[in-house]
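Worksheet for the structure shown next.
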């Protein structure tokens, strides 16, 4: 099973590298706090090769309920394209542990958010003059996700040190609905889409509270759209900080 998960993770990463599509929507890294009890606090920061930075926070307000606040931002300026993207979302949901040693974590979260996208395509005409196409959009987001994680005591031995490993997967479904869409300042027909966003992640514990996370995943649109398409996958590196709760749970 674990080999199957790692194979899917590798395939998702390769798909990301081969993808050249451009979409109005760029997915953030899903929030996977891996909570086990009341009082735990999680904070994370991730960055993708495209430069999209995700910030995730979560707090366990009881032994089975948690709240989330997530955000992401991108500001990329290149020769052929400038792209700005912002997203802010909030939600909450249920978590529980199971298994012989209570080392498996199941989390179910849902929430909503708002975002914006500003993309400028740059090209030259036959006279060598620059031509600009600017696409601006504002959109709303609704999401639901299911996380399955393992806190089993496996480790990586490196330079005579043992680094505990955690791993897991999350499946997020996101509904994105534009409320504004303009091309060069002229209103265009707005679009919507439903995205399925499975991700796989591995965490390497640098200390009892700090972990390095590698994430890979896909992004699949269920509707055929011109601008609101599945143009980006999730492929990132980041740090996750978990405090509170009992030390044995981290």
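Laboratory data are not the source of any read-out in this text; all were calculated from the coordinates shown. No experiment lies behind these values; they were computed from the predicted model shown. In this analysis, Cβ positions are derived from the backbone assuming ideal geometry, glycine residues included, and neighbour counts consider all displayed protein chains.
General remarks:
- Peptides 56-63, 193-200 ordered by average Cβ neighbours within 10 Å, highest first: 193-200, 56-63
- Inter-label distance, residue 47 to residue 212: 1.5 nm, where each label sits 7 Å from its Cα along the C-beta direction.
- Note on the chain: GNM, Cα springs under 10 Å; of 85, 46, 64, the largest mean-square fluctuation is that of 64.
- Relative exposure of 94, 109, judged by other C-beta atoms within 10 Å (fewest first): 94, 109
- Helix-derived mean residue ellipticity, 222 nm - over the chain, DSSP H n ≥ 4, -39500 (n - 2.57), to 500: -2500 deg cm²/dmol
- Global size of region 64-119 as Cα Rg and Dmax, reported in angstrom: 17.6, 55
- Normalised contact order of region 2-249, rounded percent, pairs of Cα under 8 Å and 6 or more residues apart: 21 percent
- FRET efficiency, residue 129 to residue 243 (Cβ-Cβ, R0 45 Å, nearest 0.05): 0.20
- The chain: most fluctuating residue of 213, 145, 188 per GNM, C-alpha cutoff 10 Å: 188
- Note on the chain: with a GNM built from Cα contacts shorter than 10 Å, the maximum mean-square fluctuation among 28, 147, 184 falls on 184.
- Net lengthening on full extension, residue 142/residue 183 (0.36 nm per residue, minus Cα-Cα): 12.3 nm
- In degrees, nearest ten, helix 2-18 long axis to first principal axis of the chain (Cα): 20 degrees
- Å³ per residue enclosed by the Cα convex hull of region 2-249: 132 Å³
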